[in-house]
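Any read-out appearing in this document is the output of simple, stated calculations on the displayed coordinates, not a laboratory observation. Since this is a predicted model, take the numbers as computed values, not measurements. In this analysis, Cβ positions are derived from the backbone assuming ideal geometry, glycine residues included, and neighbour counts consider all displayed protein chains.
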Amino acid sequence: MTVGERETRALELTTMGCRWRLDVGDLDADHAEAMAARWQRCADLAADPDALVLDEERIGVRVFVGAAPDDVAPGTVRAGAATVDRVPYALSREITRNGLIRLRGRATLLHAAALADPDGRTLVLVAPSGGGKSTASRVLGARLGYVSDESVVLLDDGRIAPHPKPPSLIIDPQDRWHKEEPGPDELGLGPTPASPRLAALLTLRRDEDCPAPVIEEVGLIDQVLAVLPETSSTWWLEDGLDRLARAVTAGGPPARLRYAEVDTCHELVREHLARAASVAPTWEHLPAKGADRLPVDAAPEPTGTPGSTDTDDSTAAAKVAIEDHVRLVRAPWSDAIACDGEVLVLAGGRPLRLAGAGAVIWRAATTPLDLDELTQRVVEEFGEHPQAADLVRAAATELVAHGVLAPHPSRDYRVTR
């Protein structure tokens with residue numbers, strides 16, 4: 001089919017559990033053929049009745065070089081770059097970005113690589129950008145099946161919607177928008193299962209001084225906080241933190257893979273995947289229900305470092321003075337979990353890790369309590385302390401400043417700033 005002087009060449013794709021129609025008609029024949037080859041595995045998923053599909057709507061994606069075309073149908077995603085060699089990475093970015101938008105609130109969305117054994121049991125590898133996911137996919141995928149090098153779409157029941165895009169390999173570390181995009185078959189990566197399932201999850205930590213690769217256990221909340229920045233729209237899920245806790249313990253205690261060179265990790269990774277087994281939950285889920293749940297459209301976006309807010313503690317605390325008769329109650333939140341005396345509260349994209357008096361105060365404030373009542377709860381937990389009242393006031397002040405506690409909305413309760 002032609003539109004004016006333009007020949008339309010299209011490829012039906014399924015990836016990230018979404019259907020797409022890839023239009024390469026603006027490329028010359030050789031580049032169009034190469035682009036189709038890069039995305040052949042996603043075309044294979046489109047033809048596979050066993051492939052997991054979460055969004056049946058077929059979204060058009062039009063690839064171009066140079067100026068963006070103006071004859072694009074409404075709703076079509078445009079993916080292009082100034083030069084043809086930069087177009088493949090631009091296309092990968094746009095499909096992934098739009099896929100994350102389409103799937104908000106439907107699944108746990110991880111910035112991660114994923115590799116599978118022949119039975120579809122999948123190992124998820126989580127790391128920040130530049131943390132080694134694509135390299136691990138390229139190297140370890142020579143002996144395992146390739147599920148994704150970039151994004152893992154994880155359902156509550158452990159199923160994964162594969163995203164076997166062409167791996168994005170760094171050309172110049174100083175130029176983040178220019179990456180090589182060879183197809184999975186060109187790299188010799190193992191086959192992509194149509195219906196992979198989560199078996200285990202590891203975070204990645206490259207350490208040049210590590211003499212031999214090792215899988216190290218880490219604390220549950222430490223691991224959730226390490227993974228949380230590498231997720232998208234977790235607060236859209238009513239049980240977002242609980243799902244992450246279940247993901248990081250899917251194959252055993254939370255753990256990370258520490259290594260100097262990923263090509264030394266083949267046997268360790270395969271053994272870990274082979275012996276992965278579920279463990280009993282060690283955490284308590286503290287969901288926000290009804291009016292306690294922070295509305296998605298009111299939720300703050302992720303800021304600052306994991307486990308903190310973008311407000312300096314001392315500055316925030318100095319702006320808040322809680323009068324003795326004020327009663328405090330939990331502010332709306334997105335989700336929370338508790339483990340080993342700590343509480344991790346998620347309010348939109350912002351996590352706050354609470355320990356000691358702060359954890360006790362937040363857990364107690366399911367109903368409005370004043371400072372004396374909160375002090376009593378803390379003393380019951382930790383015993384008498386000569387400065388208990390002052391310590392509780394300081395902890396409650398910080399929780400109010402961070403927005404996880406609030407004065408109960410009644411006329412005789414005041415918080416002065």
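Under a Cβ-Cβ cut-off of 15 Å, what is the net charge of the residues other than Asp340 that fall near it, where Lys and Arg count +1 and Asp and Glu count -1?
Details: positive: Arg353, Arg363; negative: Glu217, Asp222, Glu284, Glu342, Glu381.
Once all neighbours under 15 Å are counted, the net charge is -3.
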Taking the alpha-carbon centre of each part, the distance from region 27-46 to region 113-178 in Å is 19 Å
The rounded separation in angstrom of the Cα centers of region 318-365 and region 213-243 is 19 Å
Simple spin-label estimate for Leu268/Asp48, 7 Å along Cα→Cβ, in nm, reads 3.0 nm
In terms of the alpha carbon gyration tensor, root eigenvalues a ≥ b ≥ c, rounded if a/c is under 1.5 and otherwise prolate when a/b exceeds b/c or oblate, region 77-149 is oblate
Plugging the Cβ-Cβ distance of His178 and His408 into 1/(1 + (r/R0)^6) at R0 = 56 Å yields, to the nearest 0.05, a FRET efficiency of 0.55
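Suppose we keep just the DSSP beta bridges with both residues in the chain; what percent of those would be antiparallel, to 5? Spell out each step's value before the answer.
Values: 50 of 73 bridges.
Given both bridge residues lie in the chain, the antiparallel proportion sits at roughly 70 percent.
Stretched out fully, how many nm does the piece from Asp70 to Ala389 gain, at 0.36 nm a residue minus the Cα gap?
On the way: separation 319, 0.36 × 319 = 114.84 nm, distance 6.63 nm.
Residue separation times 0.36 nm, minus the Cα-Cα distance, leaves 108.2 nm.
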In the list [x] 78, 51, 41; [y] 58, 56, 48; [z] 72, 50, 40, the entry giving Cα extents along the principal axes in Å computed from the coordinates is [x]
Extension length gain for Ala37 and Ser195 (0.36 nm per residue less Cα distance), in nm, is 54.7 nm
Distance in nm between Ser129 and Glu261 label points, each 7 Å along Cα→Cβ, equals 2.9 nm
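Can you compute the FRET efficiency between Asp119 and Glu186 using 1/(1 + (r/R0)^6), with r the Cβ-Cβ distance and R0 = 30 Å? Round to the nearest 0.05. Kindly include the intermediate steps, with their values, before the conclusion.
Numbers: r = 25 Å, r/R0 = 0.85.
In this case the efficiency is close to 0.75.
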Nearest-0.05 FRET efficiency for Arg97 and Ala280 at R0 = 30 Å, using Cβ-Cβ distance, is 0.20
A chain fully extended from Thr83 to Asp297 at 0.36 nm per residue, minus the present Cα-Cα distance, gains in nm 73.2 nm
